[in-house]
Every structure is written in structure tokens, then in C-alpha cells.
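What follows is a set of notes on a single structure, which appears directly below.
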Amino acid sequence: MPTKEDISEKEKCLDLFLKIGLDERTAKNTIANNKVTTNLTAVIHEAAVTDGCTRTVGNLIYTVATKYPGNALPHRPTLLEYVVSSKVKTTAQLDAALSFLANTGSENLDVNKFEEACGVGVEVSTEDIKKAVNEVFEENKASIIELRYRTNVGELLGHVRKRLPWADAKAVKQLADAKLYELLGDKTEADNEKPSKKKKEKPAKVEDKAAPIATPEKPPEEDLNPFLIFPSPEENLKVHTEVPFSDGTILRCCNTKALLDKHLKATGGKVLTRFPPEPNGYLHIGHAKAMFIDFGLAKDRDGGCYLRYDDTNPEAEKKEYIDHIEEIVQWMGWKPFKITYTSDYFQELYDLAVELIRRGCAYVDHQTPEEIKEYREKKLNSPWRDRPISESLNLFEDMRRGLVEEGKATLRMKQDMQSDNYNMYDLIAYRIKFTPHPHAGDKWCIYPSYDYAHCIVDSLENVTHSLCTLEFETRRASYYWLLHALGIYQPYVWEYSRLNISNTVMSKRKLNRLVTEKWVDGWDDPRLMTLAGLRRRGMTSTAINSFVRGIGITRSDGTLISVSRLEYHVREELNKTAPRTMVVLHPLKVVITNLEANSTIEVDAKKWPDAQADDSSAFYKIPFSNVLYIERTDFRMKDSKDYYGLAPGKSAILRYAFPIKCTEVILADDNETILEIRAEYDPSKKTKPKGVLHWVAQPAHEVDPLKVEVRLFDRLFLSENPAELDNWLGDLNPHSKEVIPNAFGLPSLRDAKVGDSFQFERLGYFVVDQDSTPEKLVFNRTVTLKDSYSKGGK
């Protein structure tokens, strides 16, 4: 138990945290985490704000304490000076500053570059914002008028942020909303109608191998409302499930009319669901399916979905995971009806546990974990099962007051030890843990189990549909037994199949090993199926949701979905949204001998395949000079009929530019390595070669093209289903990541920002990675242009 000195020190920290403007809940959560408390206390003293500061400055200081890069600690006082003096005054500026310092490390800080990187001294006026908003709306006016209030406002705001990265986000949103209303006026009935159904999409190719992979040619579920299978709240009088007991009796679980009427009065008949992740890890694509079902059903029925953190284990929760979950839920396009924690209901849960004992449905047990396991295997009752109710009540009170040692007692539900369902073997309801809770503090030293808490909190929150994956199906009996025993409202429970993707693993334990043992580069490694990893790889939330919707809400478990189906949805979206450009991964120098050395010709290139000639915004300029670079793989010393690249004496056309003909090859001393090739271009474009090559030229005489780093990602595992292998780590693909440090890109890429997506012509879709610096851009390959994996390629 904590000493008086510990309590006194915590009170001092709490007072200090409140002085800098943290709200009380955040402050209390912080002091429950020793590491964050130590960091924040040090940062507050370092910033010399122990007497307090504004809430805005305080929140930025909190971010410095929790996110500051460990490799740049010598520069932390400098950053804090900028924060306290309000030179760095927004989260966007602070994020940019942290990124800059992470790249700088412990090296000398270039103050001028630092200030430029994080917008110090840049003032964005309301007029500036108005101008940018007007420009963006004017550029997209035709689309806005066509789509009206179905316009993706977030995309428009993104265009404004690119122009004014340091503008106040709230002001941008307010002015954009005002502009939208100015342009469209009041909403009409048509604006409130649901959009018409889209045509069926062409299905992705899938692998046809031993593992059962879902390959519906025309997924019918994509034409249907997947939520039609769920009953309305008013129908929740029907029997949910039947629980057979070993004595031959059957419990038929359903609500009484009085309970349902009380529930409907509290909810107004609205659908309420919940998305209940444990805050002990990063969300993966399986959670995307859960979110689609939980939030999607609520949205479809004009209801609400709770984001509820299952924080019954005080030792497992981390604020890092809580922040990540909230961010990812928002990124996936979902808005919680309310954010709650199981710990919000600790008092109610305790009171109901006392009531359960009073009803003769729970007892205090003193068996060790090993004894409990042995008795369950033998289907034997605990020797403490039939102790007097009054004795269990007194002992449970002693447990609550901390008078019983940890591990010496548990509260167990009196279910059915002879049942055929092991989830009815007197499950544990409460354990003793002398560990402060991140949210509840030191009030409790007994904590409820998941099996006890989740169904009760569903009932307390008036959840109408409790939706979960099929592995919880055997827990349905325990779920309804407990709610029936307490005589409280029973939600409708329905289980669906897990989302299993080929060539990856998604169990939390396996993902944790990959990260902690450094087989991958963190939770957001683009090779992982974590949502953070998929986002970093350049996959969009809309493409992921489209993929999940296409899979459908089924109960057929064990089906392995080919990852190529996800990639199909990503390609479909990026094909419409990613502008085209050119990058050469492995440059081979080409000297154009019939073009003067100091001469540069500008050619027009299309951002989009269907670009109209009269639309100047759909084109960009490319410099064509006498020194350019093509892919090494686009040149051979020996020509053949089925080869359309460049070879000695052969011609090929440079995309958007001119035909060129190889006239000479310069070899190294080994007489094999090609150093450069000489070629002549055809300014008249009369020659019509079949081969088309992508290329990048020197933008000016003796000036190298833009140098970029490109990362090519492939399947993380060689097998379709590595999770079923004993040595699953041995199945890791040694070529899942290839880094090309010195690729060449067109000059137009120089202003690309983190998160911007492009199609590199002939190569695939790529996104700007967060590792990019002002000096060098880094691109991640999202997907290839076509799926060649099932044909034996990469």
C-alpha cells in the first residue's frame, strides 16, 4: 500500500499539473504513470512555469513531456523557451518542431532552419485564410456544386492546410463552412436523402491455393445493406439464447416487458452499440471490421456508438494506446457517441457484486489458481462454494478494504461446474490487486474481471446490440446468466467471424513479439496490418472501409481473405485520387547527343490519364535536357522481339516527350558494367517505337535531379497463413523491405508533404513517409500497379 510520503508527493505533483492548466482527469491519470509524472515534472521545472501558465502553453508542455525524442534531449530547453514565449503556439508547430529535433538529434541546432521548419514568426491572418479558402473552393467549385453537401469537406480543408500549414484549424473550419453555405444555401430535401447505391465493383484477384481463401466473383453483399440482419430495439423481448444446466433445466434469456420499456424510455428507442478495445496495444485491420460493424450499425440506424475502454486490468493500460485508439477511430471516419471507461462504473459494478452475493449467486473463494484449474478440469465444486452468504459478504468487504492479501481470495460467480460449457465453471468476478488504477486512482484494491464487467456495463450503458467476434460465442451463456441473475436489462448479442488476412499475423501476442524483438520497425511499420502501419503505407481509411464492407458481416469463421483483395480496393481509390509523376529507382545515365548541353525543353505531362486539354490544372511541366536518366532494367545490350525497352540501335519513346535512339554504349573497364548510354532524340516525333519509358532529366546543366529515398514493401510472410506454423518467425520474408536510397524524382515532387500520395508511372502508388526531411523526401510503396504476386512475381 502507498505510504504517507508517496501520497504527499502525488498531491504535490497533482497541484503542479493543475497549475499548468491540465484538466483534473488528465492530471490524475498522469500521476498514476510514474514515467510520465517524472518527465512532466522535469519539463515544468525546465520551462520555469512551476507557478503556472496558460492552458494552451500547459498542453504543449504536456506534449513535450510525452513525445519529445530521446535522441535530442540537449535541445529540449530551447524548445521549451519557444513554447513558453508563444513562438511555438500550436500543435501543428510543435509537431513540426519535434519532427525536426528528432532528425537533428544531439547535433548542433541550426536555429534558422528550426524556426523555418516549425513556422516561427509566421502570422496567418483571417484575410489570408479567407483567400486560401476562396481559392480552394473556386478550384473545386464544379465538384462542390455537383455533390452539394455530400462534398468531402475534409479534403478541401486538407488543401487549405497545405497552403497555410500554420493557420488556426478552427478558423479554417469556420470559414470553410461559411463558404460552403454561401455557395449552396440551405440544405434541400435531396441533400438529406441517402446517396444511391454504387455499381458492383470488379472483384480482386485472389490466390487459389490450399488455404481456404474467400474469392466471390461478384460479392452480392456489396449491393445490400449489411445491417438489415439486426433486429430493432423494440424486438428485444424475444429469447436471446438458451442456457442448458447440468441438472436438466434450461434458462431462456430474454427481457421482461418492464425492463425493455425502461430501456426504451432511457434511449428513446435509438440503437446504441459499443466498440470496446483494451488499451494495451495498437489496433489492426481486424479492428477496422469491428468498427465498421459497431459504428456502422449505429450510423445506419441514426443511433450512437460508445468508444469504451475495457480497463479492468490496472497494469495493462497505457496512455499511448488510449491516444492511438482515439486517433485511429477518428482517422477511420467514425465519431463516438461517447467515450467511456469500464472504470467509470467501478462503484456500480461493486454494488452489483454485493447484490449477486446476497442473491446466492456468488461466493468468496480461497483456492489458488492451480487448484481452480484442477477443479475445473475435474468439474468439481470449490470447497468454499456453499459457504454462508453473510460470510461471503463480510469477506468481500474485507477484500475491498485491503484486509486480505493479494492472491488469497477471489469472488466467483456460482454458475454450473458440471456444465458442458467451460465458460460456466464459476468464472472469477473479482481479484485483489494492490495496484493503483490509471483512472480510478487508489480507491480500489479489488478489480472486476472482463467476464463480469463487460456484460454489466453493456446493460448500464443501455447498449442495444452487443456485437463481438465468434470466439466469444461460448461466453454468451455466462453473459446472459449474469444479467438474468441480477435482473437487469439484457442487450441483443450477436457474433461475427474474425477478419483473417493472408501473409500476415494479427494476434496481439505475435504482433507484440514482432515489435519488441525488432523484427519490424515499430507498431506503424508499413508491412504490418496495424491500422497505423497501413496508414503509413499510404492506404486510406475509405479504401479499408470499402474492403471491410465488401467482406460482409458473416459468421463463417476460418476463411482466409487474400491481401490482394484489400490492395484492389486501395488501387481503385488511388487510381482516382493520386496524381501521376515519374521517379527512376535505379538510374542509368543517358546523354542526348543532338541536344545542346545548356538547352532545356519543357514538356507537358498529365497528372491524370483523362486530363482534358483545356484544363491547365491537370498538367505539369517536365524539364527535358541533354542528360537524363532511365531505369537500368529498361536497357539491354541484346535486343529481342518481345522486348520493348532500349537497346543498341533501337528506339523507345520517353513518356510525354520524344522518341530516342541508342547510338553508343559506354562501358566500364570490366567491359560489362554500363556507365552511360548515348542517344539521339527525334524532335519531330515521326518515329513511332512501341516501348514507352519513364525518365527524369537534369533540371539544369550539370544539376542532378531531385534525389529521393524509396522503400519497396512486400508481404511480411512467405506463407499464406503463417499463424498456423510452429516456427512462424522462420517464415518471415527476408525481402519484405527494400530501401533504395538514391532514386531520382521530378522537380515537381520537391514540395510534396507527408501523407501525399502519387502514382509513380510504371512503378506503383507511393506515399510520402514521416521520415522525410527538408533535405530528402522518403516514399513508401503503397501497392504495385497490378497484382502480380499470385503469378509468381513481387
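The values are calculated or read from the model by the stated rules, or taken from the named source; none is laboratory data. Small disclaimer: the values here were computed from a predicted structure and weren't measured. Neighbour counts are summed over all protein chains in view; Cβ atoms, including those assigned to glycine, are modelled from backbone coordinates with ideal geometry. SASA here: full protein model, heavy atoms, side chains in, ligands and nucleic acids out. Shrake-Rupley method; radii C 1.70, N 1.55, O 1.52, S 1.80 Å.
Is it fair to say GLU709 is acidic (Asp, Glu), touching a strand residue (DSSP E or B) at 6+ places or on another chain (Cβ under 7 Å) and at pLDDT below 95? Lay out the reasoning, then the answer.
Working: acidic (Asp, Glu): yes; touching a strand residue (DSSP E or B) at 6+ places or on another chain (Cβ under 7 Å): yes; at pLDDT below 95: no.
So GLU709 fails the test.
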**Prompt:** List, please: which pairs have Cβ atoms under 6 Å, are six or more places apart or on different chains, and start with a residue in region 732-760 that is part of a strand (DSSP E or B) and end with one that is at pLDDT 95 or above and among the hydroxyl-bearing types (Ser, Thr, Tyr)?
**Reply:** PHE744/TYR629; PHE758/THR581; GLN759/TYR765
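Consider region 65-75. How many of its residues are over 15 Å from ALA27 (Cα atoms) and either in contact with a Phe, Trp or Tyr (Cβ under 8 Å, 6 or more places away or on another chain) or crowded, with 17+ Cβ neighbours inside 10 Å (or both)? Can you show your working first?
Step one: list which residues in region 65-75 are over 15 Å from ALA27 (Cα atoms), which gives 67-75.
Right, trim to either in contact with a Phe, Trp or Tyr (Cβ under 8 Å, 6 or more places away or on another chain) or crowded, with 17+ Cβ neighbours inside 10 Å (or both) and you get 68, 72, 75.
Total satisfying the criteria: 3.
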**Message:** Among the listed residues ARG148, ARG76, identify the single one that is on the phi > 0 side of the Ramachandran plot and part of a helix (DSSP H, G or I).
**Reply:** ARG148
**Prompt:** Hey, does region 254-268 have a residue that's in contact with a strand residue (DSSP E or B) (Cβ under 7 Å, 6 or more places away or on another chain) and either open to solvent by less than 20 Å² (accessible area, probe 1.4 Å) or more than 30 Å from SER507 (Cα to Cα) (or both)?
**Reply:** no
**Prompt:** Any residue in region 304-320 that is out of contact with any Pro (no Cβ under 9 Å at 6 or more places or on another chain), over 22 Å from LEU482 (Cα atoms) and assigned to a loop (DSSP other than H, G, I, E, B)?
**Reply:** yes
**Item:** VAL83 vs. criteria assigned to a loop (DSSP other than H, G, I, E, B) and either touching a strand residue (DSSP E or B) at 6+ places or on another chain (Cβ under 9 Å) or among the aliphatic types (A, V, I, L, M) (or both)
**Value:** no
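Using the structure shown, decide if MET424 is open to solvent by less than 50 Å² (accessible area, probe 1.4 Å), within 21 Å of ARG475 (Cβ to Cβ) and not aromatic (Phe, Trp, Tyr). Walk me through how you get there before you give the answer.
Values: open to solvent by less than 50 Å² (accessible area, probe 1.4 Å): yes; within 21 Å of ARG475 (Cβ to Cβ): yes; not aromatic (Phe, Trp, Tyr): yes.
The answer is yes for MET424.
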**Message:** Given the criterion more than 26 Å from the chain's Cα centre (by Cα) and under 27 Å from ALA316 (Cα atoms), identify the matching residue among THR66, THR30, THR54, THR38.
**Reply:** THR38
**Request:** For region 659-684, enumerate the residues that are touching a Ser or Thr at 6+ places or on another chain (Cβ under 9 Å), free of Cβ contacts under 8 Å to residues at least 60 places away in the same chain and open to solvent by less than 80 Å² (accessible area, probe 1.4 Å).
**Result:** PRO659, CYS662, LEU667, ASP682
**Item:** Residues located in region 726-751, provided they are farther than 19 Å from ASP771 by Cβ and surrounded by 14 or more Cβ atoms within 10 Å (Cβ to Cβ)
**Value:** TRP728, LEU729, ASP731, LEU732, ASN733, LEU746, PRO747, SER748
**Single unsatisfied condition, LEU395 versus (1) open to solvent by 20 Å² or more (accessible area, probe 1.4 Å); (2) closer than 30 Å to LYS270 by Cβ; (3) not polar (S, T, N, Q)** = (2)
**Asked** Looking only at residues in region 506-538 that are over 26 Å from VAL768 (Cα atoms) and in a loop (DSSP other than H, G, I, E, B), which one is most open to solvent (accessible area, probe 1.4 Å)?
**Response** GLU517
**Message:** Quick test of your reading of the structure: VAL708 fulfils all but one of (1) in contact with a helix residue (DSSP H, G or I) (Cβ under 9 Å, 6 or more places away or on another chain); (2) under 29 Å from LYS776 (Cβ atoms); (3) open to solvent by 30 Å² or more (accessible area, probe 1.4 Å); (4) not charged (D, E, K, R). Name the failing condition by number.
**Reply:** (3)
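Output the residues belonging to region 76-101 that are of a type in the set (A, V, I, L, M, F, W, C) and either open to solvent by 20 Å² or more (accessible area, probe 1.4 Å) or under 18 Å from GLU123 (Cβ atoms) (or both).
Pass one, region 76-101, residues of a type in the set (A, V, I, L, M, F, W, C): 79-80, 83-84, 88, 92, 94, 96-98, 100-101.
If the condition is that a residue be of a type in the set (A, V, I, L, M, F, W, C) and either open to solvent by 20 Å² or more (accessible area, probe 1.4 Å) or under 18 Å from GLU123 (Cβ atoms) (or both), then VAL83, VAL84, VAL88, ALA92, LEU94, ALA96, ALA97, PHE100 are the ones that fit.
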**Request:** Report the residue count in region 548-591 for those that are farther than 24 Å from LEU654 by Cα, open to solvent by less than 30 Å² (accessible area, probe 1.4 Å) and of a type in the set (Val, Ile, Thr).
**Result:** 6
**Fill in**
Among residues of region 460-475 being at pLDDT 90 or above and open to solvent by 40 Å² or more (accessible area, probe 1.4 Å), the residue nearest to GLY268 (Cα to Cα) is LEU460
**Prompt:** All but one of (1) free of Cβ contacts under 8 Å to residues at least 12 places away in the same chain; (2) closer than 26 Å to PHE472 by Cα hold for LYS576; which doesn't?
**Reply:** (2)
**Request:** May I ask you to verify whether THR273 is modelled with pLDDT under 85, in the same structural domain as ASP302 (by the TED database) and touching a helix residue (DSSP H, G or I) at 6+ places or on another chain (Cβ under 6 Å)?
**Result:** no
**Request:** Please name all residue pairs, on different chains or six or more residues apart, with Cβ atoms under 9 Å, provided the first residue is in region 377-403 and is within 19 Å of ILE432 (Cβ to Cβ) and touching a residue at least 40 places away in the same chain (Cβ under 8 Å) and the second residue is among the acidic types (Asp, Glu) and open to solvent by 70 Å² or more (accessible area, probe 1.4 Å).
**Result:** SER382/GLU371
**Message:** Looking at region 483-495 only, could you name the residues that are surrounded by fewer than 21 Cβ atoms within 10 Å (Cβ to Cβ), touching a helix residue (DSSP H, G or I) at 6+ places or on another chain (Cβ under 7 Å) and in a strand (DSSP E or B)?
**Reply:** GLU495
